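A short write-up of the structure that comes next.
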Amino acid sequence: MVTRHSSTGNPSLSEARGCDTSGLIVIHTMFRRLFTDAPRLVREVASGDTERSKVIGNHIAEIVSGLHHHHQGEDLLLWDRLESRSPACAIHVKLMRSQHASVAALLEQLDTAVPVWQRSAAPEDGAQVAALLDEVRTVLFVHLGQEEELILPAASTSLSQREWDELGEYGMAGIPKNRLMINLGFVLEAFSPEERSTWMKANVPGIARALYGLFGRRQYASHYRRVYGTMPS
Ligand SMILES: [Fe+2]
């Protein structure tokens, strides 16, 4: 099916409905990994070690904000379009909206609990942060799986590639410039070292690939080691 270009009224190839949604699976893989590791990272911080609670708390705040922004993009750019173009999908969109609301409520609680723990590094404050992260992981994993199963097939036939790409652009715009390379490093964790350059060539602009090779990979490795205590694979 071909839609009409809104400004010209002429059919446009770029507006043909149908898009490749596989990039979202890569982002989901990143969030699954980050939110699987997060509660353990918090529980490993020793009582009173505020230097460490600051490092891990900043990491948690960053992934919480990344997830929140990712969901905002879907709320703004995906749900209404799907509801109007694929009415059979409306019930699934309703489910997605309510899951996003559940995740957002937990993320808001983390926004409050993390700074308290960062200042105190008290075991009871850490336990509260870790318990919230456990809950996020549980709710999030159900949500991501259902989004892949119920939403992506409808999105891949209802949205144009340009519309789908707006999601990625919205996501990128929310990342501070000095954290772009670190985010790319976490995205690349979805792939084996051998698959990474193939994926980069297909998905990352040449200039960003060059910058990642020049300094980004080292910036990511140093951040990763500070958070995880080991070098990335
Ligand atoms: Fe979502």
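The values are calculated or read from the model by the stated rules, or taken from the named source; none is laboratory data. On a predicted model such as this, the values are computed, not experimentally measured, just so you know. Every residue, glycine as well, gets a Cβ built from its backbone with ideal geometry; the counts of neighbours run over all protein chains shown. For accessibility, only protein heavy atoms count, side chains too; no ligands or nucleic acids. Shrake-Rupley method; radii C 1.70, N 1.55, O 1.52, S 1.80 Å.
Step by step: first the residues of the range 132-152, then only those that are without any contact (Cβ under 8 Å) to a residue 40 or more places away in the chain and open to solvent by less than 70 Å² (accessible area, probe 1.4 Å), then the one that is nearest to the ligand (Cβ to nearest atom). Which residue is that?
My answer is Gly145.
Could you say whether any residue in the range 98-108 is open to solvent by less than 10 Å² (accessible area, probe 1.4 Å) and of a type in the set (Val, Ile, Thr)?
yes
Looking at this structure, is Ala210 outside the structural domain of His71 (by TED's automatic domain parsing) and in a helix (DSSP H, G or I)? Steps first, answer last, please.
Details: outside the structural domain of His71 (by TED's automatic domain parsing): yes; in a helix (DSSP H, G or I): yes.
So Ala210 fits the description; yes.
Could you pull out the residue among Arg97, Arg119, Arg162 that is over 16 Å from Ile25 (Cβ atoms) and within 16 Å of the ligand (Cβ to nearest atom)?
One residue alone meets the criteria, Arg97.
For the range 28-50, enumerate the residues that are open to solvent by 50 Å² or more (accessible area, probe 1.4 Å) and either part of a helix (DSSP H, G or I) or outside the structural domain of Leu140 (by TED's automatic domain parsing) (or both).
Arg32, Arg33, Thr36, Arg40, Arg43, Thr50
How about the range 53-82: which of its residues are within 15 Å of the ligand (Cβ to nearest atom) and either among the acidic types (Asp, Glu) or not in a helix (DSSP H, G or I) (or both)?
Across the range 53-82, the qualifying residues are Glu74, Asp75, Leu78, Asp80.
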